[in-house]
1. Report the one residue of B:F435, B:T317, B:G70 whose Cα lies farthest in the direction of the positive end of the charge dipole of the protein assembly as shown (charges on C-beta: Lys and Arg +1, Asp and Glu -1; origin at the Cα centre).
2. Counting other C-beta atoms within 10 Å, and keeping those with at most 12, which DSSP coil chymotrypsin sites (Phe, Trp or Tyr not before Pro) do you find in the range B:53-146?
3. Can you classify the range A:24-143 as rounded, prolate or oblate using the Cα gyration tensor, where a ≥ b ≥ c are the square roots of its eigenvalues, rounded means a/c under 1.5, and otherwise it's prolate if a/b beats b/c and oblate if not?
4. Take chain A, connect every pair of alpha-carbon atoms lying under 10 Å apart with a spring to form a Gaussian network, then pick out the residue of A:L282, A:L94, A:L236 with the largest mean-square fluctuation.
5. Would you mind giving the three semi-axes, in whole Å and largest first, of the ellipsoid equivalent to the range B:130-200 according to its Cα gyration tensor?
6. Among B:A411, B:A35, B:A226, whose Cα lies farthest out toward the positive end of the dipole of chain B, if unit charges sit on the beta carbon of Lys, Arg (+1) and Asp, Glu (-1)?
7. Would you order B:I443, B:I252 from fewest to most other beta-carbon atoms within 10 Å of each residue's own beta-carbon?
8. Which of B:K216, B:K453 comes first, and how do the rest follow, when ranked by fewest Cβ neighbours within 10 Å?
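Rule-based calculations on the coordinates, nothing more; no lab input. What you are looking at is a predicted structure, and each value in this text was computed from that prediction instead of being measured. Note: ideal-geometry Cβ built from the backbone for every residue, glycine included; neighbour counts use all protein chains shown.
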Amino acid sequence: MKPKDTAEHYILSSSPHTHARSSVSRIMLDVIVALLPTTAAGIWFFGLPAVWTIATCVATCLVTEALCRLAMKRENTLGDLSAVVTGLLLALNLPAGLPLWMAVVGSVFAIGVAKQVFGGLGMNPFNPALAARAFMLISFTGPMTTWLKPLWWKTPEAMTTATPLAAMKRLYGCDVVTQATPHVEKALSGLPSLWDLLVGNMPGCIGEVSTLALALGAAYLLVRKVITWHIPVAFLVTVWLYAYFAGGAPAHLQVLTGGVMIGACFMATDYVTSPTTAKGKLVFGFGCGLLCMLIRQFGAYPEGCSFAILIMNALAPLINRWTQPKPFGGK
Amino acid sequence: MKTVRSTFRFKGGVHPDYNKELARGKVIETMPCPAELVVSMSQHLGAPATCVVKAGDYVVKGQLLGARNGFISVPVHAPANGLVKAVEPRLGPAGGKAPAVVLDTTAPAPDGVDVAERTLPPLDWRAATKEDLLARIDEAGLCGMGGAGFPTSVKLNPPPGKRCEYLVVNGAECEPYLCADFRLMLERADRVRVGVEILRKILGDCAVRLAVEANKPEAIAALETAFADIDGNVEIVVLPVLYPQGSEKHQIYATVGRVVPEPPALPIDVGCVVENVGTVAAVADAVEKGQVLLSRVTTVSGDAVREPKNVEAPLGTKYADLVAFCGGESEPPAKVISGGTMMGFAVPSLEIATTKTTSGLLLLSRRRVSQYSSQACINCGRCVRACPMTLNAAEIAKAVEADDIASAEAAHVMSCIECGACTFVCPAYRPITQFCRRAKASIRARLAAERAKAAAAAKPA
């Protein structure tokens, strides 16, 4: 039998020849789905201003990503949906009512400076959304700490108010800001009830307020095996234990307010900027929780979650190096 | 004899689509000898056999075609009567070329040639000595039929000072699609039993562990029947369905709870010898019936084969003939794989022929095969969790991508068993296994060069 000359053109590739059919875009889509409950809660509590902020951030991130790739003469990466995740996460970490041009500047920073300058997805040392938030907090301190009251807030006469964290900082005396405003006094007069804390009926960033919605999203990510439990659990347990032993505000308040929940479940779990191994993730989560509480207790800002995660992002490669797995059969 | 569940679960592992239902119900069919056989001199791990025939010779079934060439080598025999048309380099399943004997099995025998199959005298294994049995296994050309093809007689003869405490019989067959070992255990459990008794005699009354994945209950039942009255320490160990359960190191851990240290350590260093069920059955035939290794069971499957089957075909059967025996192609295959989908080799042509290690031939349609372009690593850690050797596959891949072989070596890339679990789970479609292979090849080449240099320096000028 004469070998067929040109009829056969079989695909040649190195094994394996089968795949789990996971993909980067599917993972990003899962993160987006997991963020929907807290996005919805944010819109429910803060109304149209929240919608505008979210739309602005997502759109700006997509445009920036496309333009950067074009300028860098690299393939378009809009399809991996990571720009959508960055835009959404940034928006959820901003106060509703922030001037939209600031949201635009922050989004351009997130994609342009924090991500594409380093080479795009997978190369960035810092979580782009958090880097942008830190940049905005320093650049636009006033607007970034002006909190729109939730639509269902108990002091209907006020337009803006302090977050429970800021109130706690004043209340429990680790305060560097001395001028108490009438709004703060009002907030102090009654910290949110446990129910309000859980559903998110309190001032804060769009996506950080509703613990229940965030927990729902985190559960989805765990079920879909997008994230493992290590970072969120280490982070949250550390915050709780620190708050419990440091005294001051009731420990659960530290967990249920501010950016701890969204930080532990959605920001610190960012693959690119966190360690790979289970042991590394535990160390990373612990560091995030510890730094967050140190900043909350001793820092100038009432909230330290973003900075804590950014600092740990910088340490992630080192933690990775320390926590290399031992090979099966290895010494 | 008792059946137990494995209590040792290794870290990592994956669950690929097994697709075993295509062929698991198919009784082993013996294929008639095709008109042409291409018998490679390199069907095993180690040095290719030295060809002892030339073009124009007429050879008889069972006659020696290639002689053992060195310590790690096995002889090759004629799978059928035929005229040697050529002895020439031919492409093997793994990509390299090796000398092969091309046999025309339709040629008439010259006058005066005794055309009766050449067999070896049957041995009574109960009476035979260990040396006789080892010599027989060597003479019969047996090598590991699970895939690696390590010469069986070498494995069964531990170096001085090392003793085998456990013989582990590998019937895990964790590769997707493949059912050859499953059918063999189901249909020829008695041969496996005889083989086990012979091996136990050679290895000196060791304990026996028959390892079978839990998705093969019929095979477990068949083994239970065949081994019911065996004496001594024999257990059937039911393993959880998890790829790569068939890996030697992981099977030893799953059955005996021992961990083989990093290379160059071997299973015998922890008192274990692992043999594939097919090899064990072949040992029984070589000793009791005097049969040299001339055929093997191969699963022909995949969605582009009209009738998936388990075929007992002569060694050297071309893939095209195997496919024809299985009803031909149901549609043009996009990829042809020698072996399973996790560790098999994609081959360029159906002109390649079976060897002693061809456990499967898969024809996959375009729908089953996708071509991906890989993206940047997003550091998700899936490969690290999937790696059964608990290596940091992501780090190794990144190092190799940057041509930093030293970092890959420091990350223990030499422990990689190339099972493919990392690439299987990678959402960025990175060819991690391929990166590991590249690093291993590079390191081996460097070590070989260093050895050569040391040898040259040691030589007096």
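1. B:F435
2. Listed in order of number, the matching sites are B:F71.
3. oblate
4. Largest GNM mean-square fluctuation: A:L282.
5. Working: eigenvalues 108, 39, 33 Å².
After diagonalising the Cα gyration tensor, the semi-axes are 23, 14, 13 Å.
6. Among B:A411, B:A35, B:A226, the one farthest towards the positive end of the dipole of chain B is B:A411.
7. Working: B:I443 16, B:I252 27.
Sorted ascending by nearby Cβ count, the order is B:I443, B:I252.
8. Working: B:K216 24, B:K453 10.
The most exposed by this proxy come first: B:K453, B:K216.
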